Amino acid sequence: MSAAAPSLRFERTLTYAARFTAQTSQNIWLAALFLVAGTSSKPALDLSSLFIAMLIPSIVLGLPGGSLADRLGPGRGYAAGALLRLLPVAAGIWWLDGGTSAWVLAFLYSTGSQVFTPAELALVRPLQDAHVGRVHSWFAALQYAGQGAGMLVLAPALYFLGGPTAMVIGAAVGLSLLFLLTVVLAVRVAPLARAFAAGSARAALSFGATMRFFGRESIARYAVIALGLKMVVSKGIVVALPFYLERDLGLGWEAIAFLFVPGILGILAGLWWCSRELTLARAHEVLRLSLLGLVAALAALAALDYGITAVAQYSHIPPVARLEAQMNTTFAVAIPVAFLLGASLSGLLIAGRVALTETAPPGQHGRVFAVQLTITETAISLPLLALGIGTTYAGARVTLAAMALLVAGFLLLAELDRARSRFARRPALEPEPAPSAGA
């Protein structure tokens with residue numbers, strides 16, 4: 001840890017409080033939007049419009065948002081993004097009534113997020129120069145905690161108190177607190193943040209340097225693709241899980257806890273290790289091992305139980321065959337695999353973000369993360385649509401196998417490229433001296 005790190009303890013605490021408040025408030029707001037859109041006269045159309053309204057700014061405005069975050073600097077960009085998030089939610093107290101208003105407010109909120117999120121991630125380096133993995137691990141843990149508090153606890157409580165209006169008011173109060181926290185934080189980190197801001201508006205709008213950064217930093221390119229695959233797998237699991245529980249496990253939704261608990265334990269184990277041990281030097285290996293873990297977990301969910309059943313039945317060992325017949329083999333496989341899946345997903349998330357934070361040049365962190373987020377949001381759209389169709393018509397196992405093949409294909413190509421690069425860097429053998437004329 002650097003000598004200056006202890007003096008930033010209060011600033012890190014402020015950042016963690018802001019992270020939890022942001023995630024909690026956001027999930028109350030999203031719950032209100034989904035409730036209003038889902039109970040309208042055209043629920044299917046309004047819900048799909050809502051998802052589109054939140055996706056469009058991520059694709060179209062992500063890069064400009066990263067530029068603005070770099071121009072303002074991490075602290076001021078964080079506060080500006082918090083204000084841009086607050087305004088549409090405050091307007092929703094009077095205006096949110098379903099239909100067009102939900103679409104417009106969701107679009108405006110997502111637009112603010114295009115400044116808020118890159119600025120938040122750009123804060124990590126000035127706050128914890130020596131061990132950025134610790135901050136990213138806390139960010140991930142607080143994100144999950146805020147999502148649970150907002151969507152599962154506060155949103156239902158506010159709904160029973162006063163319906164969707166109370167939920168929107170609760171979200172607005174939370175985002176007002178977030179804005180105050182980010183303003184205080186921006187003042188506190190102003191001297192440090194100056195070194196991580198773009199020097200001019202022209203520099204902030206230039207993506208040439210950012211593209212050259214990705215061109216020369218192989219670990220950054222690897223991280224972007226790995227984070228995209230992490231997003232596809234995590235969302236694909238959500239799509240496939242109901243079908244897997246019902247058709248393959250033969251169980252109802254109440255059984256989700258038996259998979260949810262080991263999955264959460266795997267995530268926590270991964271975050272704990274990353275917070276203590278992960279550095280830039282280890283990031284590439286953690287990315288590779290996490291991708292391998294995803295391949296193993298997805299392949300196991302897709303087919304391992306069939307293999308165990310076949311081995312038991314053809315082993316001709318009566319106790320083994322009887323044991324397999326008496327147990328739910330698929331369920332027995334799914335429990336430890338859920339732990340591996342959780343640990344692999346958290347390893348990918350933290351290692352990818354550490355790689356980008358540590359290698360991004362000063363003044364470009366906002367744009368680097370904006371490029372990553374934009375590529376991720378754009379790239380997952382078609383795979384998610386294909387996974388949804390495939391799960392519906394072919395079943396969860398096919399979806400899981402397809403995701404395993406997708407991740408394995410990337411790993412294979414990455415390893416071939418790595419081997420080719422190593423071979424190209426090997427020094428050529430010195431030619432043997434020609435024999436002399438008198439020899």
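Screening the stretch 93-111 for residues that are modelled with pLDDT under 85 and surrounded by fewer than 19 Cβ atoms within 10 Å (Cβ to Cβ) and picking the one that is farthest from S67 (Cα to Cα) gives D97. Among the residues of the stretch 88-131, those that are under 25 Å from the mean Cα position of the chain (by Cα) and of a type in the set (F, W, Y) comprise W103, F107, Y109, F116. A single member of M211, M167 is open to solvent by 70 Å² or more (accessible area, probe 1.4 Å), part of a helix (DSSP H, G or I) and of a type outside the set (D, E, K, R), and it is M211. Looking across the stretch 9-34, the residues that are of a type in the set (G, A, S) and open to solvent by less than 20 Å² (accessible area, probe 1.4 Å) come down to A18, A22, S25, A31, A32.
Of all residues assigned to the stretch 147-158, none qualifies as being in contact with a Pro (Cβ under 7 Å, 6 or more places away or on another chain), open to solvent by less than 20 Å² (accessible area, probe 1.4 Å) and either of a type outside the set (A, V, I, L, M) or outside any helix (DSSP H, G or I) (or both). Within the option set L348, L373, being open to solvent by less than 20 Å² (accessible area, probe 1.4 Å), within 14 Å of the chain's Cα centre (by Cα) and either at pLDDT 65 or above or closer than 17 Å to V295 by Cβ (or both) holds for one residue only, L348.
The values are calculated or read from the model by the stated rules, or taken from the named source; none is laboratory data. This one's a predicted model, so the numbers in the text were calculated from it and none came from an experiment. Don't worry about glycine lacking a Cβ; one is built from the backbone with ideal geometry, like all the others, and counts go over all protein chains shown. Keep in mind that these areas ignore ligands, DNA and RNA; they rest on the heavy atoms of the full protein, side chains included. Shrake-Rupley method; radii C 1.70, N 1.55, O 1.52, S 1.80 Å.
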